[in-house]
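First comes the structure, then the notes that go with it.
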Amino acid sequence: MNFKINHLQHVGIPVTDLNASEVFYNKLGFKNVMVAGFEFNGSKGKVAMMQQDNIIVEIYQMPETELAEIRNRKNGHIDHIAFDVTDIDEAFNEMKNAGFTVLEASPVFLSFWKNGCKYFNVTGPDGERLEFNQIL
């Protein structure tokens, strides 16, 4: 691979009550540095990026119609890890051409952060999800 992974960007954790989780992470010294909404299957979810120094934890609450699955999980709630990349299109093309299992047809834009971000996911041999993300 020629594209560069800069660093671990964040760990994504699905939560059932975004406000309660924000209070919890605040008590650990994390500050809310970004709040946004997102659409999933026609319904709205919400996300907060909680940061302490160089550590970012993404906490997100799926729409109400999807929360039962999260509430019923017994094996932990970390959903994905995300790597920061300099050029999302280059990373996408290299991963696709190298035969990785890429979950999206192309990098997806989200209106997160000041100018948005683009991401895509690949799955590892045990189904783990690795996100590659560029903050624009």
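None of the figures in this text is laboratory data; all of them are computed from the coordinates on show. As the structure is a prediction and not an experimental result, all values here were calculated from the model. Here the Cβ is made from the backbone with ideal geometry for all residues, glycine too, and neighbour counts use every protein chain on show.
Just how large is the dipole of the chain about the Cα centre, in debye to the nearest 20, putting +1 at every Lys and Arg Cβ and -1 at every Asp and Glu Cβ? Show your work: numbers first, answer last.
Values: 12 positive and 18 negative charges, 66 e Å.
The calculation lands at about 320 debye.
Working from Cα positions, state the angle (0 to 90°, nearest 10) between the long axis of helix 88-97 and the longest principal axis of the chain. It is inclined by approximately 60 degrees.
With respect to the chain, whose longest principal axis is taken over its alpha-carbon atoms, helix 18-27 is tilted by about 90°.
Database remark: amide H of D79 closer than 5 angstrom to the amide H of G12, I13 (H placed geometrically; neighbours at sequence offset of 5 or more, or on other chains; Pro and chain starts carry no H).
A simple rule links phi to the HN-Hα coupling: the Karplus curve 6.51 cos²θ - 1.76 cosθ + 1.60 with θ = phi - 60°, which for the range 63-68 gives x, 3, 5, 9, 6, 4 Hz, with x for Gly and Pro. Dipole of the range 5-135 computed with +1 at Lys/Arg Cβ and -1 at Asp/Glu Cβ about the Cα centre; of Q51, N115, V85, farthest Cα towards the positive end is Q51.
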